[in-house]
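Everything on this sheet refers to the single structure shown next.
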Amino acid sequence: AAIAATLCAGGVARAEGLTVGFSQIGSESGWRAAETTVTRQEAKKNGDTVKIADAQQKQENQIKAIRSFIAQGVDGIFLAPVVATGWTQVLTEAKDAKIPVILLDRDIDPADKALYLTAVTSDSVHEGQVAGDWLVKAVGSKPCNVVEIEGTVGASVAANRKKGFDDAVAKDPNIKIIRSETGDFTRSQGKQVMESFIKSVGGKNICAVYAHNDDMMIGAIQAMKEAGLKPGQDILTVSVDSVPDMFKAMMAHEANATVELTPDMAGPAFQALNAYKKSGTVPPKWIETKSTLHTSQDSDLQQIYDEKKNLGY
Ligand code: GZL
């Protein structure tokens with residue numbers, strides 16, 4: 001009767017919501033935790049149901065979760081792929097089960113492009129370029145030895161952020177990348193890698209640090225301070241994500257720049273899945289989210305910190 005009433009009133013009855021299985025990497029960074037929070041908020045807003053499986057950053061756990069979602073017969077699967085390879089078999093099983101898969105925030109091997117409906121990601125090569133261009137401007141004409149703390153080995157965003165940054169700084173003969181190692185996107189490993197860099201090259205010989213995410217940079221800042229160095233002043237810092245603690249560090253002049261990455265990948269993903277399931281609309285293969293640069297010179301750092309700190313980072 002209610003549906004009939006709605007139809008009579010000229011509205012379209014809200015069919016029941018979608019049930020989505022989300023294979024999430026884990027909570028290795030503040031950004032990742034925020035993505036999970038925003039995904040729950042988006043589902044609630046749309047009247048959809050999302051089941052989130054935390055893989056503790058292990059691909060085999062993600063594959064198990066996807067198989068379980070297929071067995072449950074969910075309407076769609078969201079996948080944040082911890083690494084770019086090793087998905088062909090399980091995504092073929094999802095395709096055979098006619099369950100659409102949407103990638104969030106990271107990509108998989110382009111050979112498997114036919115195995116997912118769309119990917120909601122930023123342009124992570126561009127993020128690296130923005131970081132590199134900022135450093136070239138900040139360094140000016142003096143020689144600068146840079147150390148690089150990379151993301152998870154095999155993750156699309158780590159390879160892309162490295163490519164974008166390395167290409168951008170290669171334009172400046174004064175800038176040399178003297179060390180580059182993975183910190184696996186976590187604060188603790190970012191700190192350990194920075195400690196080893198300081199030990200091997202000497203803090204005085206490091207002019208700048210580039211970290212593929214803010215969490216590793218926050219660990220690196222801790223290591224620099226414990227070594228009696230002045231991050232953000234003697235040693236320039238640039239990283240990616242724009243988590244609240246990075247705004248705190250920039251306001252304390254212990255960090256210089258961060259490239260923002262929105263944690264809301266799920267919003268566009270739910271929209272694309274809904275349109276696909278309800279009216280067969282095939283989305284573009286890539287739904288791109290935009291990045292912006294924030295630096296310690298900006299006047300809105302406190303305001304952005306206040307806005308972000310309730311987003312579950
Ligand atoms: C980027 C995302 C990365 C974040 C890190 O899209 O995949 O994963 O930059 C997180 O903080 O670990």
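The values are calculated or read from the model by the stated rules, or taken from the named source; none is laboratory data. Predicted model, so just to flag it, every value in this text is computed and none were measured. All Cβ positions, glycine included, derive from the backbone under ideal geometry; neighbour counts span all protein chains shown. These accessible areas exclude ligands, DNA and RNA; they are computed on the full protein's heavy atoms, side chains included. Shrake-Rupley method; radii C 1.70, N 1.55, O 1.52, S 1.80 Å.
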* Quick one: among M216, M224, M265, which has the greatest mean-square fluctuation in a GNM of the chain with alpha-carbon springs under 10 angstrom? => M224
* Note down the nm distance, to one decimal, between modelled labels 7 Å out along Cα→Cβ at Q271 and at T292. => 1.7
* Structure fact -> Quick shape check on region 95-137: root eigenvalues a ≥ b ≥ c of the Cα gyration tensor, a/c under 1.5 is rounded, otherwise prolate if a/b tops b/c, else oblate, and it reads prolate
* For region 184-313, what is the per residue volume of the convex hull drawn over the alpha-carbon atoms, in cubic angstrom? -> 127
* Among the trypsin sites (Lys or Arg not before Pro) in region 220-295, which ones are in a DSSP loop with at most 14 other Cβ atoms within 10 Å of the Cβ? Mind listing them? => K285, K290
* Structure fact -> Per the charge dipole of the chain (beta-carbon charges, Lys/Arg positive, Asp/Glu negative, Cα centre), the residue among V125, W87, T186 reaching farthest to the positive end is W87
* Structure fact -> In debye to the nearest 20, the charge dipole size for region 153-209, taken about the Cα centre with +1 at each Lys and Arg Cβ and -1 at each Asp and Glu Cβ, equals 100
* Asked: Summing Lys, Arg as +1 and Asp, Glu as -1, what charge do residues with Cβ under 14 Å from the Cβ of R179 carry, R179 excluded?
  -> -2
* To do: Provide the net charge surrounding S29, with neighbours chosen by a C-beta distance below 9 Å and charges set as Lys +1, Arg +1, Asp -1, Glu -1.
  => -2
* **Residue (of Y276, P244, A71) at the positive-pole extreme of the chain, dipole from beta-carbon charges** => A71
* In a GNM of the chain with a 10 Å cut-off on Cα contacts, which of S242, S156, S279 has the highest mean-square fluctuation? -> S279
* **Accessible surface, per residue, of the chain when the full set of protein chains is kept, probe 1.4 Å, Å²** => 43
* Estimated translational D of the chain in µm²/s (Stokes, Kirkwood radius over Cα pairs; 37 °C; 0.692 mPa s) -> 160
* Which shape class applies to region 123-192: rounded if a/c is under 1.5, otherwise prolate when a/b exceeds b/c and oblate if not, where a ≥ b ≥ c are the square roots of the Cα gyration tensor eigenvalues? -> oblate
* Just need the relative contact order of region 1-158 here, percent rounded to a whole number, with Cα pairs under 8 Å and 6+ apart. => 19
* **Cα-derived Rg to Rh of region 258-313, Kirkwood definition** => 1.14
* Structure fact -> Other residues with Cβ under 13 Å from the Cβ of D54 give, with Lys and Arg +1 and Asp and Glu -1, a net charge of +3
* Student exercise, region 66-197 dipole from Lys, Arg, Asp, Glu Cβ charges, in Debye to nearest 20 -> 240
* To do: Taking every pair of Cα atoms in region 1-151, average 1/r, invert it to obtain the Kirkwood radius, and report Rg/Rh to two decimals.
  => 1.12
* With only Lys, Arg, Asp and Glu charged, each at its Cβ (+1 for the first two, -1 for the last two), find how big the charge dipole of the chain is about the Cα centre; round to the nearest 20 debye. => 260
* Structure fact -> Rounded to one decimal in nm, the spacing of the 7 Å Cα→Cβ label points at K137 and K278 is 4.2
* Structure fact -> If each part is reduced to its alpha-carbon centroid, region 143-175 and region 238-272 end up apart, in Å, by 18
* Anisotropy class of region 102-222 from Cα gyration tensor, a/c 1.5 cut -> oblate
